[in-house]
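The structure appears right after this line, and notes come after that.
The values are calculated or read from the model by the stated rules, or taken from the named source; none is laboratory data. Since the structure is predicted, the reported quantities are computational estimates derived from the model, not experimental observations. Note that each Cβ is placed from the backbone with ideal geometry, even for glycine, and that neighbours are counted across all protein chains shown. What goes into the accessible areas is simple: the full protein's heavy atoms, side chains included, and nothing from ligands, DNA or RNA. Shrake-Rupley method; radii C 1.70, N 1.55, O 1.52, S 1.80 Å.
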Protein chains: 2
Amino acid sequence: MSAKATATEYHPVTPTSSAPPSPLADGGLRVVALGGIGEVGRNMTVFEHADRLLIVDCGVLFPEDDAPGVDLILPDFAAIENRLDDIDALVLTHGHEDHIGAVPFLLRLRPDLPVVGSKFTLALLAAKCREHRLDPVLVEVAEGQRSKHGAFELEFFAVNHSIPDALAVAIRTPAGVVLHTGDIKLDQLPLDNRLTDLAGFSRLGDEGVDLFLVDSTNAEVPGFVTPEREIGPVLDRVIGKATQRVIVACFASHVHRVQQVLDVAEAHGRKVCFVGRSMVRNMGIANDLGMLRVPDGLLVDLDEALAMPEHMVAFVSTGSQGEPLSALSRMARGEHKQIHIRAGDTVVLASSLIPGNETAVFGVVNGLVRLGANVVHQGHAKVHVSGHASAGELLYLYNAVRPSNVMPVHGEWRHLRANAELARLTGVPADRVVIAEDGVVVDLVDGIAAIAGRFEVGHVYVDGLSVGDVGESTLSDRLVLGEGGFIAITVAVEASTGRAVSSPTISGRGFSDDPKALDDVVPLVEMELARTEAEGITETHRIAQAVRRVVGRWVAETYRRRPMIVPNVLPVGS
Amino acid sequence: MSAKATATEYHPVTPTSSAPPSPLADGGLRVVALGGIGEVGRNMTVFEHADRLLIVDCGVLFPEDDAPGVDLILPDFAAIENRLDDIDALVLTHGHEDHIGAVPFLLRLRPDLPVVGSKFTLALLAAKCREHRLDPVLVEVAEGQRSKHGAFELEFFAVNHSIPDALAVAIRTPAGVVLHTGDIKLDQLPLDNRLTDLAGFSRLGDEGVDLFLVDSTNAEVPGFVTPEREIGPVLDRVIGKATQRVIVACFASHVHRVQQVLDVAEAHGRKVCFVGRSMVRNMGIANDLGMLRVPDGLLVDLDEALAMPEHMVAFVSTGSQGEPLSALSRMARGEHKQIHIRAGDTVVLASSLIPGNETAVFGVVNGLVRLGANVVHQGHAKVHVSGHASAGELLYLYNAVRPSNVMPVHGEWRHLRANAELARLTGVPADRVVIAEDGVVVDLVDGIAAIAGRFEVGHVYVDGLSVGDVGESTLSDRLVLGEGGFIAITVAVEASTGRAVSSPTISGRGFSDDPKALDDVVPLVEMELARTEAEGITETHRIAQAVRRVVGRWVAETYRRRPMIVPNVLPVGS
C-alpha cells in the first residue's frame, strides 16, 4: 500500500475486472462517471451518498468514424434510470455542449430535476431547453456561494475556461470533501479579470480534500497556456493590415475571443456581422447578460454587411471545425450564396483543431487558399489558446489542493495517465490515484478511494429524431455498407416447392460503376436454386442462406471485396 | 508583367479556366502533373518536348474518408494512354509508395518502358514488381551521372530525404533546363553523409534553370528540420532506461531511423527483431545493398525474440500510422497472439502523424497506455523529424538555383501557396510562379512558363483486385449507405396487371436496431401498390419509383434520416 516501489513501478490504480459493483459501505461516497473518462466529451459524473444521488454535468460526445451517420452520443443513463427520484440535483460546471448537451434527454426522464449552475450556463441551457420544448427547474448560483441539495452540500469556485462563468464545485458529505474542477485553466490575466479561485482551492485544501477530480485534457502538454489576451494584438495586426474582406471563425460560445474581435474591428473602423445561428444566439445572450461589451452601432446584419464596402466590415462566423454545412465551408467551396471569397480576402481561424477534424478543417483551408484568400490559423499565428490547463497549471492545482485521493477525469487514456503522473509528482501516493473508465465505480470510504466494480455503460446514439434505436449492430452494418456497398439478390419461389418462379434479380449499390460487374451472378444463383430445389429445400431462410454463400464466395474470389450480400427470397403462390 | 504591384497584390499565376490545352508551341516544353498537385500523394509529372514524353514518378495516394473502401488511388493515365509509345522513360526520384506505388499499373500498359532510378529505389521497385509478376526494364543511375532518353537529357543530384538514395533530376531539352527536386530536405549532418547537392544546384543555377519544380510539403513550416542524427540520443535515453519490453514503430522504408534503433539496441545489449512484412523485406534489401549496418548476430526472428528475456530484445515494427491490421494495433487491442503488452513496457512511435490518421494513431496510443505501456511519441520527445524541407531550407534552395520560373509541386493548396510565397521572397517575380493543379498544362516557351489549358484528370480507384470500376457513383452510394444504411422493399407483382401477388417484404440494414422500426412501412407500401394498380401502372420501374417515394417521405418525417431506399419489384406470372 505504501510508496516503496521503484520509479518504474509507480502505477496508478486502474480497473482490472468488470465485476458488478459491491454495495457501498455505510457512510461512504460513490463516484461513477457515465461519460467523459476514456474519451473527450459527454461528461457526466454521478455521486452517491446515503442512497441519494448528485450529478455533475450531462454532456454529449460528437461521433467519430466508428459511429457513422450518428448526430450525437449521449451518456448511458441505464445505471440511474431506476433511481431517477433519488437524484437531488444536476450541477452544470459550464455551458459547453460536452457538459450540457444531454441535459434535455435527462430532463425528459425527470422533468422536475433541479438544475444548478451559473447565470451564463443556465441561460445557454434555457435556450437549448426551449428548442426541446422543456421548461427546466433552474437554480442559479455563483462563485463563493454555497447551496444544499438533499444529502449534498455544495460550494462553488470561479474557474477560468474558454467560456465565461465556469465553476468548479466542492461537494461535502459526511464521507468527506470532494472537489471537481470541471473544465479549467489558470489564465493569470483573464480578459474578464475573473481568476480561477486558487486561493479558494487552497483554503479548501487546508480544510482537507478527500477526493479531487481533475480535468486531464491538456495534461500531456508541458508548460502553461498563453493568456487569452495575447491574441488581441495578433488579431490587431492581421485585421489592421487587411484591405478587403475579413472573416474570423471561432467557437460560438467563446465570448472572450469574440470580444477581442469586436474590439479590434472597432479600432480599425470595421462594423461586425455575426454569421451562423449559434453565434447570433449566444452573443445575444452574452450581450443581454453584460458579458459581451458591444459598442452602440457596431453590429450590422448580413444584408447591411453585404451592402457596405468590404474593408468596413468584419464577419464573425461559426464553422471553425470544417463542418460541411457551415457558412465557412460553403464559402470555401465557392457555394455560399452571398459571400464570394476572392484573392486578397483574409480568413482567420481563431480556434482549436479538434482531433478528428483535421481533414475537414484543412479541406476548408485549401478551398479558401485556392480562391486566393489569406488564411491565418493557429499553425502560423497565435490566434488561439486552449481552454484547458497544461501540465504546469495542473501542478499549481495539485499543490494548492493537496488532495488525499485523485481521480483524473475528462480525457482519453493518454491524458488520464499523464494527469495521474502529475498528481504523483506532487506527492500523492500512486495507490491513491485512481484511473477509472466510464462505468467504473470508485468508492470513497474512510478517506480512501478505491475501485469497487463496474456498471455496464454503453454508447447511446442520437440519429435524427430518435434516441437509442441505432446501436452497435446498425453501426457495424453501416461500416460494412460504407466500405463495400451491397449486392441484393431477389428471387420469387413457389412457397410449396421452393421452385424459382422468376429469374433472380441482381442489383448492387456501392459496389461497382461497371454495369456488367454482376452479370455472372445470375447463372450462379440459378444453379444454386436448382440445387436447393432438387434437395427439397423450401424454407426461404435456408434458400437465402445458400444464395448468400455462393454470391459471397464468388465476389471474394473475383473481386477480393466484401460487400454485404442481401438475399431476398419471396415466397409466392400457395 | 513586372513587379510593380503592391504587397497585397502579389499573386502567383493560378488556373482560371478548364479549357482544353492549346497546342504546344514548336520548341517548347510542356509540363502536366497527373497527380501530386493539390494533394499529398500519387506524384506523377509528365514532360513533353518534340512530341516525346518523359515521366517523373508514378505514385499512389492513400484514400481518406471521401473514398471509403478504396485501397489506393492512382494517377489518371487517360491523358497519356494514347501516347504510351511516345514515352522515352520513367524516372523515379526515390522509393516511397507515393512515388513508385503506381508503376506496376503503368507497366501493365507499357511493359517495356525504361524505368530510371537509383540502386535502392530500383531494388524496392523490383520487389514490388515481383509481387505483380512484372519484369521491368531497369536503368540504374546515381548522383553526378547524366543519361539520355530520347528527347531528354537527364542529370541526377543527390538529395536527402527520409529514405536513402533519393535523387533530384535536371531535364535538359532545347526548350531549357528544368530541375525537379523530388522529395527533398537539407539535413546538413545526414546520417549517411550524403548531402543534398546544393553545390550542384548552384552550378546548375549558374548555367540557368528555366523552370524549378519544388517540393511544397513543409513550405508552411518555418525554420529548419532538425538533423536526423539528433534522434539517436533520444532513443538512447528512452531505450536505455527501459527495463522490460521495447517496441519501436516507424516507417518500413526509413533505413536511417532503423539504423539508429539498431545502434542504440546494440549499445544496450538488446537483440533486434523486425516485425511486419514490409519492414522485414525492406531492411533485407537495405542490408544487401550495404545501406543498413547490421552487426553480426544482432537480428533475431520472432520466435527467438519471444524466447529471450524481455530486457534483451527490441522490436522494430510497422504500424506507426495506426493501421488496424498491423501488429502494433493488435498489441494495443490486446489481440496480438504472441506479444502481450503489460504495465511498464515501452513503445516508441518514431514516426510522423500523417494528417487524417490522428484518430487511428491516438486509438493505438490509448490502447497501449490503457495496458500500462509507457508510450513515447513526437508529441513528447524528439523521436521523429520530417523528411521534407521547411521554409528555411526552401529559401536556401531558391537562392542556390535562382530559377526563372517556379512551379510548386507535392502538396495541398495551402502548401503550394506557401511555397510560391517563398519563391517570391527570394526575388522570383509573382507572374513567374505558376501554381497548377493535377491536369493543368504548363508550357515553357521562350523561357516563360504559363498555363496553357487543362486535361480532365480524375481519381482512379483500386479496390481489391480491380482498377477503375469503382468510381464516383459507387463512392457516393457508399457514403449514403455508410451514413444511413438502406431500406429494401421487395414485392412481387403480376406482370400483366401490376397487382401485388404477395405482401411486401421490408428489410433494413444499417438503419435501426429496433426490430419494429419498419413495421409501419408494409401497410404504407400496400396502399401505394393498390393505388398504382388502380391507376393501371404495370411497368416495374414506375411501381418501384412510387414505392421509393412513399417510403422515403415516411422515413424522413418519422426519423429525420436519409437511408437509401431500395425497391425491388419482381414481375411474376404471364
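Considering only segment A:370-391, how many residues are open to solvent by 10 Å² or more (accessible area, probe 1.4 Å) and touching a Phe, Trp or Tyr at 6+ places or on another chain (Cβ under 8 Å)?
1
Would you mention how many residues in segment A:487-497 are more than 7 Å from chain B (Cβ to nearest Cβ) and in contact (Cβ under 8 Å) with a residue 60 or more places away in the chain?
Count: 7.
For B:Gly117, indicate whether it is without any contact (Cβ under 8 Å) to a residue 60 or more places away in the chain, touching a strand residue (DSSP E or B) at 6+ places or on another chain (Cβ under 9 Å) and within 14 Å of another protein chain (Cβ to nearest Cβ).
The answer is no for B:Gly117.
B:Ser351: touching a strand residue (DSSP E or B) at 6+ places or on another chain (Cβ under 8 Å) and either among the aliphatic types (A, V, I, L, M) or over 14 Å from B:Gly276 (Cα atoms) (or both), yes or no?
yes
Say whether the condition of being touching a Gly at 6+ places or on another chain (Cβ under 9 Å), in the same structural domain as A:Arg417 (by TED's automatic domain parsing), outside any strand (DSSP E or B) and open to solvent by 40 Å² or more (accessible area, probe 1.4 Å) is met by at least one residue in segment A:35-47.
yes
How about segment B:447-475: which of its residues are more than 12 Å from chain A (Cβ to nearest Cβ) and free of Cβ contacts under 8 Å to residues at least 60 places away in the same chain?
The one that is more than 12 Å from chain A (Cβ to nearest Cβ) and free of Cβ contacts under 8 Å to residues at least 60 places away in the same chain: B:Ile448.
Which condition does B:Gly322 not pass, out of (1) more than 20 Å from B:Thr243 (Cα to Cα); (2) in contact with a His (Cβ under 6 Å, 6 or more places away or on another chain); (3) not polar (S, T, N, Q), if it passes all the others?
So B:Gly322 meets the others, but not (2).
What are the residues in segment B:354-364 that are surrounded by fewer than 23 Cβ atoms within 10 Å (Cβ to Cβ) and either more than 10 Å from chain A (Cβ to nearest Cβ) or under 26 Å from B:Pro233 (Cα atoms) (or both), if any?
Scanning segment B:354-364 gives B:Ile354, B:Phe362.
What number goes with the only condition from (1) more than 21 Å from the chain's Cα centre (by Cα); (2) outside any loop (DSSP other than H, G, I, E, B); (3) facing another protein chain (nearest Cβ under 9 Å) that B:Leu395 does not pass?
Answer for B:Leu395: the failing condition is (3).
If we only count strands (runs of 3 or more DSSP E) wholly inside segment A:91-164, which ones have 2 or more residues that are of a type in the set (Lys, Arg), surrounded by fewer than 20 Cβ atoms within 10 Å (Cβ to Cβ) and modelled with pLDDT of 95 or more?
Once the strands (runs of 3 or more DSSP E) in segment A:91-164 are filtered for at least 2 residues that are of a type in the set (Lys, Arg), surrounded by fewer than 20 Cβ atoms within 10 Å (Cβ to Cβ) and modelled with pLDDT of 95 or more, what remains is A:146-149.
Would you check which residues across segment A:513-559 are open to solvent by 30 Å² or more (accessible area, probe 1.4 Å), out of contact with any Gly (no Cβ under 6 Å at 6 or more places or on another chain), within 13 Å of chain B (Cβ to nearest Cβ) and not aromatic (Phe, Trp, Tyr) and list them?
Hits for segment A:513-559 are A:Asp514, A:Pro515, A:Lys516, A:Asp519, A:Thr540, A:His541, A:Arg548, A:Ala556, A:Glu557, A:Thr558.
Is it the case, given these coordinates, that B:Gly447 is at positive phi, modelled with pLDDT of 95 or more and open to solvent by less than 10 Å² (accessible area, probe 1.4 Å)?
Taking the combined requirement at face value, the residue does not satisfy it.
I'd like the full set of residues that are without any contact (Cβ under 8 Å) to a residue 40 or more places away in the chain and more than 9 Å from chain A (Cβ to nearest Cβ), limited to segment B:378-392.
B:Gln378
(1) open to solvent by 50 Å² or more (accessible area, probe 1.4 Å); (2) of a type in the set (A, V, I, L, M, F, W, C); (3) more than 14 Å from every other protein chain (Cβ to nearest Cβ): which one isn't true of A:Val480, the others all being true?
All conditions are met except number (3).
Return a yes/no flag: does segment A:413-432 have any residue that is under 18 Å from A:Pro12 (Cα atoms), open to solvent by 50 Å² or more (accessible area, probe 1.4 Å) and at the interface with chain B (Cβ under 8 Å from one of its Cβ atoms).
Taking every residue of segment A:413-432 in turn, at least one turns out to be under 18 Å from A:Pro12 (Cα atoms), open to solvent by 50 Å² or more (accessible area, probe 1.4 Å) and at the interface with chain B (Cβ under 8 Å from one of its Cβ atoms).
Out of B:Glu9, B:Glu64, report the one residue that is at pLDDT below 90, more than 19 Å from B:Ala420 (Cα to Cα), open to solvent by 10 Å² or more (accessible area, probe 1.4 Å) and within 14 Å of another protein chain (Cβ to nearest Cβ).
B:Glu64
Please state which one of A:Gly344, A:Gly379, A:Gly367 is over 24 Å from B:Ser390 (Cβ atoms) and part of a loop (DSSP other than H, G, I, E, B).
From the options A:Gly344, A:Gly379, A:Gly367, the qualifying one is A:Gly344.
Open to solvent by less than 60 Å² (accessible area, probe 1.4 Å) and in the same structural domain as B:Glu64 (by TED's automatic domain parsing): does that describe B:Gly458?
yes
Do the conditions hold for A:Val572, that is, is it within 14 Å of chain B (Cβ to nearest Cβ), open to solvent by less than 20 Å² (accessible area, probe 1.4 Å) and under 44 Å from the mean Cα position of the chain (by Cα)?
Answer is no for this residue.
Residues in segment B:399-412 that are open to solvent by 10 Å² or more (accessible area, probe 1.4 Å) and farther than 19 Å from B:Ser202 by Cα: how many?
2
So which residues in segment B:334-353 are within 14 Å of chain A (Cβ to nearest Cβ), hydrophobic (A, V, I, L, M, F, W, C) and surrounded by 17 or more Cβ atoms within 10 Å (Cβ to Cβ)?
B:Ile341, B:Val347, B:Leu349, B:Leu353
Restricting attention to segment B:498-511, and to residues there that are modelled with pLDDT of 95 or more and open to solvent by less than 30 Å² (accessible area, probe 1.4 Å), which single residue is farthest from the other protein chains (Cβ to nearest Cβ)?
The selected residue is B:Phe511.
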